[in-house]
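All remarks here apply to the structure that follows.
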Amino acid sequence: MRSVYLDYSATTPVKNQVLAEMLPYFNEKFGNPSSLYGLAFTSKDGITLARARVAHLIGALDTEVYFTSGGTEADNWAVIGAARAKKEKGNHIITSKIEHHALLHSCEFLEKEGFEVTYLDVDEKGAVSVADLEKAIRKETILVSIMLANNEVGTIQPIKEIAAITKARGILLHSDAVQALGNVPIDVNELGVDMLSLSSHKIYGPKGIGALYIRKGVMISNILFGGGQESKKRAGTENLPGIIGFGKAAELAEQNLAEHIETLTTLRNYFIGQIKEKIDGVTLNGDPDKRLPGNANLTFDYVEGEAVLLYLDIKGISISTGSACSSASFSPSHVLTAMGIPIEKVYSSLRFTIGDFTTKEDLDYVVETLVEVIAKYRALSPFGKENQMKSAQSCACQGYECTGCDCVKKG
Ligand SMILES: *Cc1c(COP(=O)(O)O)cnc(C)c1O
């Protein structure tokens with residue numbers, strides 16, 4: 001059976017060139033970068049090169065990139081570290097309702113520490129309004145954190161416009177760029193951000209490694225305490241193979257960026273076009289243009305997304321409903337909900353994310369399978385178009401139980 005992975009926003013496979021560069025750092029070049037002998041210097045050199053590669057991908061100085069255990073730690077550090085460092089100045093933070101939980105839960109934690117947080121609404125395309133943001137600013141506002149691109153619907157946010165406002169008011173601006181990295185051109189100076197969160201495993205690097213960009217001169221508090229690693233800002237012996245892998249993945253992402261964007265956009269548009277042509281009652285969620293190249297978040301009316309996901313899994317296809325986090329629980333996606341999508345449509349939404357190893361043939365197989373499963377589940381659904389009239393009639397049958405499409409004798 002064919003196996004098709006369409007969940008690149010959840011994670012990506014490590015590319016062979018990335019793995020090849022990492023391997024020697026597990027055994028041959030295993031020295032602790034903080035030690036004072038040749039073996040250690042080899043490790044230190046490896047980290048220096050990796051840092052330069054990550055910095056180059058986002059147009060930063062090498063000294064502005066601090067490695068973390070991933071995007072989650074970068075988000076936690078940025079908002080908690082900035083809030084604590086600026087608390088003499090004010091206690092108000094502005095973010096949006098569609099941020100990743102790494103950001104939202106950090107903000108909720110800060111609320112317990114006495115900070116006040118404004119969670120901005122988004123429009124029906126999943127975009128934050130710059131005017132709303134400006135209105136939300138108070139004299140106590142110390143930090144604004146808005147993601148560069150959303151992980152569920154792929155909407156790209158107006159960070160540059162937001163930066164113009166925060167800069168003029170002396171407010172720190174953080175952006176979670178985990179999904180945008182390697183998928184959109186990023187230049188920290190052009191964007192005007194003070195902090196940017198990055199993660200390796202979303203760009204074909206290993207898991208458990210990421211980075212926080214902190215603009216030169218911006219002071220935030222540490223959240224980890226111990227040794228003097230990462231210029232005394234992030235304690236803990238470095239994840240050496242992880243850092244090496246992240247560096248290589250960043251280099252490849254930079255080399256392939258233009259081609260990657262073009263290929264994925266073409267494939268994704270083809271995929272959406274085929275689905276809309278072959279299945280009715282389908283809506284694309286998010287912004288049709290300002291969106292991540294690989295993202296197709298679609299609502300299939302009258303079917304239960306979770307059921308479709310399980311069926312596709314049996315057919316060798318891996319996708320997501322709403323987000324990876326909401327797949328494990330039955331709580332509806334906070335992103336789709338914030339966009340004003342009615343609850344029944346939220347439960348009928350599926351996220352397909354395309355990546356570097358996706359082929360047109362893979363997509364044809366997925367479309368073909370979707371045609372099959374959507375027809376099958378709509379036929380069973382009491383809300384399916386064909387069944388609506390039938391059920392209206394059958395529900396009138398007294399003494400019989402209504403199954404949605406038929407009346408059966410009770411008992
Ligand atoms: C994946 C993701 C994170 C978390 O990154 P990890 O490296 O998995 O901790 C944070 N923000 C966004 C937008 C993400 O997609």
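The values are calculated or read from the model by the stated rules, or taken from the named source; none is laboratory data. Since the model is a prediction, treat every value here as computed from it, not as a measurement. In this analysis, Cβ positions are derived from the backbone assuming ideal geometry, glycine residues included, and neighbour counts consider all displayed protein chains.
Just one residue in the set 125, 44 is away from the ligand (no atom under 16 Å from the Cβ) and not in a loop (DSSP other than H, G, I, E, B); that residue is 44.
Looking at the range 128-156, which of the residues that are within 16 Å of the ligand (Cβ to nearest atom) and not aliphatic (A, V, I, L, M) is surrounded by the most Cβ atoms within 10 Å (Cβ to Cβ)? Show your work before the answer.
So the first thing to find is which residues in the range 128-156 are within 16 Å of the ligand (Cβ to nearest atom), and the list is 128, 145-156.
Okay, now just the ones that are also not aliphatic (A, V, I, L, M), so 145, 150-152, 154-155.
Values: 145: 27, 150: 31, 151: 26, 152: 29, 154: 26, 155: 25.
The qualifying residue surrounded by the most Cβ atoms within 10 Å (Cβ to Cβ) is 150.
Does any residue of the range 98-105 turn out to be more than 12 Å from the ligand (Cβ to nearest atom) and surrounded by fewer than 24 Cβ atoms within 10 Å (Cβ to Cβ)? Within the range 98-105, not a single residue is more than 12 Å from the ligand (Cβ to nearest atom) and surrounded by fewer than 24 Cβ atoms within 10 Å (Cβ to Cβ).
Taking residue 205, is it within 17 Å of residue 68 (Cβ to Cβ), in the same structural domain as residue 68 (by TED's automatic domain parsing) and buried (at least 24 other Cβ atoms within 10 Å of the Cβ)? Full working, then the answer.
Values: within 17 Å of residue 68 (Cβ to Cβ): yes; in the same structural domain as residue 68 (by TED's automatic domain parsing): yes; buried (at least 24 other Cβ atoms within 10 Å of the Cβ): yes.
Yes; evaluated as a whole, the condition is true for this residue.
A single entry from 191, 212, 198 fulfils the requirement of being among the hydrophobic types (A, V, I, L, M, F, W, C) and closer than 17 Å to residue 128 by Cβ: 191.
Is the range 55-70 home to any residue that is within 12 Å of the ligand (Cβ to nearest atom), in contact (Cβ under 8 Å) with a residue 40 or more places away in the chain and touching a His at 6+ places or on another chain (Cβ under 9 Å)? Yes - at least one qualifying residue is present in the range 55-70.
Annotation note: of 8, 25, 37, 119, the sole residue that is hydroxyl-bearing (Ser, Thr, Tyr) and closer than 16 Å to residue 176 by Cβ is 119.
Annotation: residue 69 fulfils all but one of (1) touching a Lys or Arg at 6+ places or on another chain (Cβ under 8 Å); (2) surrounded by fewer than 22 Cβ atoms within 10 Å (Cβ to Cβ); (3) among the hydroxyl-bearing types (Ser, Thr, Tyr); the unmet one is (1).
Filter the range 16-31 down to the residues that are of a type in the set (Phe, Trp, Tyr), in a loop (DSSP other than H, G, I, E, B) and surrounded by 14 or more Cβ atoms within 10 Å (Cβ to Cβ) and list them by number. First the steps, then the outcome.
In the first step, residues of the range 16-31 are kept if they are of a type in the set (Phe, Trp, Tyr); the result is 25-26, 30.
Checking which are in a loop (DSSP other than H, G, I, E, B) leaves us with 26, 30.
Scanning the range 16-31 gives a single hit, 30.
Of all residues in the range 82-93, one or more are in contact with a Lys or Arg (Cβ under 6 Å, 6 or more places away or on another chain), farther than 22 Å from residue 229 by Cα and away from the ligand (no atom under 16 Å from the Cβ). For the range 85-97, the set of residues classified as out of contact with any strand residue (DSSP E or B) (no Cβ under 8 Å at 6 or more places or on another chain) and surrounded by 17 or more Cβ atoms within 10 Å (Cβ to Cβ) consists of 85 only. Restricted to strands (runs of 3 or more DSSP E) entirely inside the range 172-276, those with at least 1 residues that are of a type outside the set (Gly, Ala, Ser) and away from the ligand (no atom under 16 Å from the Cβ) are 172-176, 210-214.
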